[in-house]
Amino acid sequence: MNNEQYKAVVYKKLWFINNKEKEVATEMLNSNENLLEQHGKPSHFVSNFLEKEIIDKAKPPSSIDKAMTLGGLLFGNVLMVGILITAALLILGTFTLYFTKPLSEALLFQLLYIILGVVLLFIGYKGIKWVNAYFTKRILIAKWLKDLS
């Protein structure tokens with residue numbers, strides 16, 4: 001396994017970290033010539049990185065924090081899926097306008113619905129990633145600190 005493959009595996013496993021943590025991981029990965037000899041398997045590097053950069057800097061969550069994390073994960077995903085469904089219905093609704101409204105009026109509404117639908121699709125798609133990344137990190141911290149205590 002060469003260094004580029006090693007980095008790709010590490011970044012795939014660390015999909016939930018933010019940009020600042022990603023820069024730290026990039027610095028750690030770029031500092032070595034032979035990553036496989038230095039760190040071992042990519043999962044070993046990921047575990048060490050999580051422990052040193054994320055877990056050590058986190059405060060132990062209370063049971064209320066854990067419940068809020070799970071509730072936030074559920075509510076956030078439901079909200080984002082609702083946005084995605086709304087966007088899909090707006091885009092599909094433009095086809096019905098084509099058959100029901102006069103052509104000049106339908107073009108304006110179709111354009112507005114398509115633009116709004118595309119914006120909502122983007123928000124829903126990125127929002128699902130952001131929600132899952134944020135709450136996955138919080139769940140991982142809670143699990144890791146529970147195992148340590």
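Criterion first (modelled with pLDDT of 90 or more and either exposed (fewer than 12 other Cβ atoms within 10 Å of the Cβ) or of a type outside the set (A, V, I, L, M, F, W, C) (or both)) does residue 93 satisfy it? Explain how you work it out, then say what you get.
On the way: modelled with pLDDT of 90 or more: no; either exposed (fewer than 12 other Cβ atoms within 10 Å of the Cβ) or of a type outside the set (A, V, I, L, M, F, W, C) (or both): yes.
Taking the combined requirement at face value, the residue does not satisfy it.
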* Got a number for residues in the stretch 9-18 being outside any loop (DSSP other than H, G, I, E, B) and either at pLDDT below 90 or surrounded by 13 or more Cβ atoms within 10 Å (Cβ to Cβ) (or both)? -> 4
* Inside the stretch 99-111, can you point out the residues that are surrounded by 13 or more Cβ atoms within 10 Å (Cβ to Cβ) and in a helix (DSSP H, G or I)? -> 106, 107, 109, 110
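Out of all the residues in the stretch 33-53, which are surrounded by 14 or more Cβ atoms within 10 Å (Cβ to Cβ) and more than 19 Å from residue 144 (Cα to Cα)?
Filtering the stretch 33-53 down to residues surrounded by 14 or more Cβ atoms within 10 Å (Cβ to Cβ) leaves 35-36, 39, 42, 45-47, 49-50, 53.
Answer for the stretch 33-53, where residues must be surrounded by 14 or more Cβ atoms within 10 Å (Cβ to Cβ) and more than 19 Å from residue 144 (Cα to Cα): 35, 36, 39.
Pick from 66, 41: which is out of contact with any helix residue (DSSP H, G or I) (no Cβ under 8 Å at 6 or more places or on another chain) and of a type in the set (D, E, K, R)?
So the residue among 66, 41 that is out of contact with any helix residue (DSSP H, G or I) (no Cβ under 8 Å at 6 or more places or on another chain) and of a type in the set (D, E, K, R) is 41.
Has the stretch 123-130 got at least one residue that is of a type in the set (Lys, Arg) and assigned to a helix (DSSP H, G or I)?
Kept after step one, since they are of a type in the set (Lys, Arg), are these residues of the stretch 123-130: 126, 129.
With the extra rule that they be assigned to a helix (DSSP H, G or I), the set shrinks to 126, 129.
Scanning the stretch 123-130 turns up at least one residue that is of a type in the set (Lys, Arg) and assigned to a helix (DSSP H, G or I).
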* **Every pair of residues 6+ apart whose Cβ atoms lie under 7 Å, when the first sits in the stretch 1-17 and is closer than 22 Å to residue 73 by Cα while the second is polar (S, T, N, Q) and in a helix (DSSP H, G or I)** => 13/43; 16/136
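Could you tell me whether the stretch 54-76 includes any residue that is of a type in the set (Asp, Glu), free of Cβ contacts under 8 Å to residues at least 60 places away in the same chain and either crowded, with 17+ Cβ neighbours inside 10 Å or assigned to a helix (DSSP H, G or I) (or both)? Quick ask: steps written out before the conclusion?
The first filter runs over the stretch 54-76 and keeps only residues of a type in the set (Asp, Glu), leaving 56, 65.
Cutting the leftovers down to free of Cβ contacts under 8 Å to residues at least 60 places away in the same chain gives us 56.
Keeping just the survivors that are either crowded, with 17+ Cβ neighbours inside 10 Å or assigned to a helix (DSSP H, G or I) (or both) gives none.
Scanning the stretch 54-76 turns up no residue that is of a type in the set (Asp, Glu), free of Cβ contacts under 8 Å to residues at least 60 places away in the same chain and either crowded, with 17+ Cβ neighbours inside 10 Å or assigned to a helix (DSSP H, G or I) (or both).
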* Structure fact -> So, first residue part of a helix (DSSP H, G or I) in the stretch 22-43, second residue surrounded by 11 or more Cβ atoms within 10 Å (Cβ to Cβ) and polar (S, T, N, Q), Cβ within less than 6 Å, six or more apart or across chains; the pairs are 35/3; 38/32
* Structure fact -> residue 88 vs (1) without any contact (Cβ under 8 Å) to a residue 24 or more places away in the chain; (2) assigned by TED's automatic domain parsing to the domain that holds residue 144; (3) surrounded by 12 or more Cβ atoms within 10 Å (Cβ to Cβ): all pass except (1)
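The values are calculated or read from the model by the stated rules, or taken from the named source; none is laboratory data. All of these numbers come straight from a predicted model, not from anything done at the bench. We place every Cβ from the backbone using ideal geometry, glycine too, and count neighbours over all the protein chains shown.
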